[in-house]
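Chemist: One structure is given below, represented as structure tokens, and several questions about it will come after.
The values are calculated or read from the model by the stated rules, or taken from the named source; none is laboratory data. Given the structure is predicted, the values throughout are model-derived calculations rather than measurements. So basically every Cβ, Gly included, is an ideal-geometry build from the backbone, and we count neighbours across all protein chains shown. The accessibility values were calculated without ligands, DNA or RNA, using every heavy atom of the protein model including side chains. Shrake-Rupley method; radii C 1.70, N 1.55, O 1.52, S 1.80 Å.
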Amino acid sequence: MFVFGHVGLTIGAAYAFRLAASSWRKRAVALSMDFRLVIVGSMAPDLIDKPLGLWIAPGLVDNSLRSIAHTLVFAVTLLGLGLTVWALGRGQKLTLAAVSSAGHIMFDRTWQTASVLFWPFLGWDFGASYPPVGEWASRHVSDALRFFTDFPELVGFIIIVAVTARLVHTKNTRRFIRGGVVS
Ligand SMILES: [Zn+2]
């Protein structure tokens with residue numbers, strides 16, 4: 001999955017969760033949801049692992065473009081940290097980002113590459129093979145340009161457009177930029 005799918009579907013899931021939580025009278029939790037963190041969290045594994053595999057430490061991650069931040073260990077650790085911070089009364093922001101980041105791993109269907117998802121329990125090698133960087137990049141660009149042929153990408157794109165239109169229509173763009181509020 002690429003950017004529209006990850007960002008749009010995670011925003012959609014967070015929005016649906018908030019609606020459900022409101023009806024369960026958990027308004028205090030729901031209303032303070034910062035959608036900026038949902039967006040950053042939804043892309044966090046790629047924002048970490050792509051630079052690692054391409055430029056920063058390709059040797060360390062076996063040239064894999066899905067590595068540390070796409071593992072279950074990373075997701076559980078981040079979620080544990082988030083819940084600890086939340087339990088200490090320091091807010092739910094890290095938890096929100098952690099859940100969004102875990103959603104990324106799910107949307108990527110990382111379970112199809114068990115060597116990554118269950119790293120390091122199946123061995124230290126991430127074991128995901130990728131074409132040379134130039135070929136990978138050009139394939140990604142052409143995929144991005146044909147996003148409307150991929151159902152999850154298309155749905156994600158529609159959600160992003162709908163949320164943006166709502167923010168503009170209700171004149172809440174500034175509230176979103178400053179506090180991540182989507183009403
Ligand atoms: Zn990914």
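Chemist: Determine which single condition N63 fails, assuming it passes every other condition in (1) within 12 Å of the ligand (Cβ to nearest atom); (2) at positive phi; (3) more than 13 Å from the chain's Cα centre (by Cα).
Modeler: Among (1) within 12 Å of the ligand (Cβ to nearest atom); (2) at positive phi; (3) more than 13 Å from the chain's Cα centre (by Cα), N63 violates only (1).
Chemist: Now for a separate question. Only one of (1) within 16 Å of the ligand (Cβ to nearest atom); (2) within 28 Å of A14 (Cα to Cα) fails for F126. Which number is that?
Modeler: The number of the failed condition is (2).
Chemist: Can you find, within segment 155-174, the residue that is surrounded by the most Cβ atoms within 10 Å (Cβ to Cβ) among those that are touching a helix residue (DSSP H, G or I) at 6+ places or on another chain (Cβ under 8 Å) and either in contact (Cβ under 8 Å) with a residue 12 or more places away in the chain or of a type in the set (G, A, S) (or both)?
Modeler: G156
Chemist: Output the number of residues of segment 114-142 satisfying the condition of being of a type outside the set (A, V, I, L, M) and under 18 Å from the mean Cα position of the chain (by Cα).
Modeler: 1
Chemist: Of all residues being away from the ligand (no atom under 15 Å from the Cβ) and part of a loop (DSSP other than H, G, I, E, B) in segment 85-116, which is most open to solvent (accessible area, probe 1.4 Å)? Just the residue, please.
Modeler: Selected residue: R90.
Chemist: Going through segment 66-84 one residue at a time, which ones are in a helix (DSSP H, G or I) and either among the polar types (S, T, N, Q) or open to solvent by 20 Å² or more (accessible area, probe 1.4 Å) (or both)?
Modeler: Residues satisfying the conditions are I68, L72, V73, F74, V76, T77, L78, L79, G80, L81, L83, T84.
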